[in-house]
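Since the structure comes first, as structure tokens, the remarks are kept for the end.
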Amino acid sequence: MAKISLTGIKPTGTPHLGNYLGSIQPALELAKDYLSIYFIADYHALTTVKDRESMRKQSHQIAATWLALGLDPEKTVFFQQSLVPELFELCWILNCFCAKGLMNRAHAYKAMVDDNREVGRDLDEGINVGIFDYPVLMSADILLFGSDVVPVGADQKQHVEIARDLAESLNSALGNVFNVPQPLIRDNVKTIPGIDGRKMSKNYDNVIPIFDSPAAVRKRVMRIVTDSKTPEEPKDPETCNIFAIFRHFAPAERVETRRRQYQEGGLGYGEMKQELADSLEAFFAPARAKYDAWMQDTAAMDALLAKGAERARSLGSPRLEKIRKKIGVR
Ligand code: TRP
């Protein structure tokens with residue numbers, strides 16, 4: 001049987017070029033060799049997203065983004081997490097086997113407590129139980145389907161380790177019920193700078209969204225920070241924020257030509273910014289048409305995600321039923 005690659009995509013923020021290179025492209029690459037199970041983690045987003053409009057819009061944007069960029073919903077089991085109740089039942093079961101101390105040590109939760117401590121607030125302020133339990137729900141996502149590999153960013157590594165710990169402790173308590181998954185950490189991935197030169201991240205408000213209008217994308221590109229060299233001066237392409245993005249989205253030959261011109265001098269940053277904006281427009285044009293079409297027909301997308309959820313349920317149910325029997329509720 002094909003090995004399983006599983007990942008959840010939290011619908012928060014607008015997908016940007018860093019997401020494309022760092023997670024979307026590698027996950028779509030993996031989908032060629034694995035049975036891929038990729039889902040919109042809306043109930044994870046609920047820990048922070050509390051208004052209906054944002055939840056709907058961001059879920060649709062993320063789903064449309066992945067579909068437009070090449071996710072094949074016939075091959076990949078692509079669904080909306082909240083449509084698979086088995087995940088939440090498994091989450092509860094895992095909760096009852098999970099030491100509270102393990103969750104106290106989870107980085108994301110601990111960081112919030114530490115922030116509160118630092119400014120002298122009540123330690124629990126702003127922290128809901130969903131945030132505390134987040135790693136257990138993520139473990140349920142991973143373990144229900146018997147995942148072999150879990151492609152995630154370095155920030156999610158501890159969560160996959162928690163899933164492994166829980167798999168091992170339930171395996172010894174109940175007899176082998178879970179596969180123990182491997183994290184596939186993307187740390188030497190292509191990280192690209194945002195428009196301010198720091199790593200592109202929604203936390204820094206420095207992103208270039210993939211599917212904003214071409215005019216809006218161009219405007220962001222024009223704001224990329226550079227040094228103050230004149231067009232005539234030779235420049236180092238390796239330290240230039242424009243070039244660091246350009247190299248991923250322009251044809252290889254063009255990248256080499258521009259690299260040479262940087263070193264020779266005579267090429268200005270303004271001109272390079274225009275070319276980067278042109279390259280992005282060309283690179284994403286076919287995907288943009290698909291993205292726009294999906295966003296025009298969110299009902300079709302909802303139907304597709306619901307169909308994926310049925311597949312996910314039939315993949316996950318047998319394992320859950322086995323566990324129900326092991327714990328004595330059936
Ligand atoms: N927590 C992940 C993130 O913020 C999203 C996620 C939810 C996930 N469930 C998952 C990732 C299961 C991998 C496996 O990016």
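None of the figures in this text is laboratory data; all of them are computed from the coordinates on show. Because the structure is predicted, anything quoted here is derived from the model rather than measured. In this analysis, Cβ positions are derived from the backbone assuming ideal geometry, glycine residues included, and neighbour counts consider all displayed protein chains.
Some observations on this one:
- Spacing of the two label points (7 Å from each Cα toward its C-beta) at residue 108 and residue 290, in nm: 2.8
- Greater than 30 Å apart at Cα, pairs in 10/199; 32/325; 57/219; 57/326; 10/290: 32/325; 57/326
- Only Lys, Arg (+1) and Asp, Glu (-1) charged, at Cβ; the chain dipole about Cα centre in debye: 660
- At 0.692 mPa s and 37 °C, Stokes D of the range 207-330 from Kirkwood alpha-carbon radius, µm² per second: 180
- The GNM of the chain, with springs linking C-alpha atoms under 10 angstrom apart, assigns the highest mean-square fluctuation among 251, 181, 15 to 251.
- Summed over qualifying helices (DSSP H, 4 residues or more, each -39500 (n - 2.57)) and divided by its residue number, the chain shows a 222 nm mean residue ellipticity of -17500 deg cm²/dmol.
- Convex hull volume per residue in cubic angstrom - Cα atoms of the chain: 150
- Global form of the range 48-176, assessed from the alpha-carbon gyration tensor, a/c cut-off 1.5: oblate
- Each part gets one Cα centre, and for the range 86-160 versus the range 233-306 those centres are 36 Å apart.
- On Cα atoms only, tilt of 129-144 relative to the major axis of the chain in degrees: 80
- Charged neighbours of residue 194, selected by a Cβ distance under 13 Å, balance to +3 (K, R count +1; D, E count -1).
- Long-range HN-HN contacts of residue 16 with modeled amide H, under 5 Å: 210
- Helix 52-68 and the longest principal axis of the Cα set of the chain meet at an angle near 70°.
- The H on the amide N of residue 36, modeled in the peptide plane, is under 5 Å from the matching H of 5, 77, each at least 5 residues off or on a different chain.
- Expressed to the nearest 5 percent, the antiparallel share of DSSP beta bridges inside the chain is 10 percent.
- Qualifying aspartates and glutamates (Cα of each under 15 Å from Cα of residue 75; at least 8 residues distant if same chain): 29, 33, 310
- Each of 204, 34 was scored by other Cβ atoms within 10 Å of its Cβ. Arranged with the fewest first, they read 204, 34.
- GluC sites (Glu not before Pro), loop per DSSP, at most 11 other Cβ atoms within 10 Å - longest free stretch of the chain: 126-231
- The range 86-144: C-alpha gyration tensor shape, a/c 1.5 cut-off, then a/b vs b/c: prolate
- The residues packed around residue 67, meaning those with a beta-carbon under 12 Å from its beta-carbon, carry a net charge of -3 if Lys and Arg are +1 and Asp and Glu are -1.
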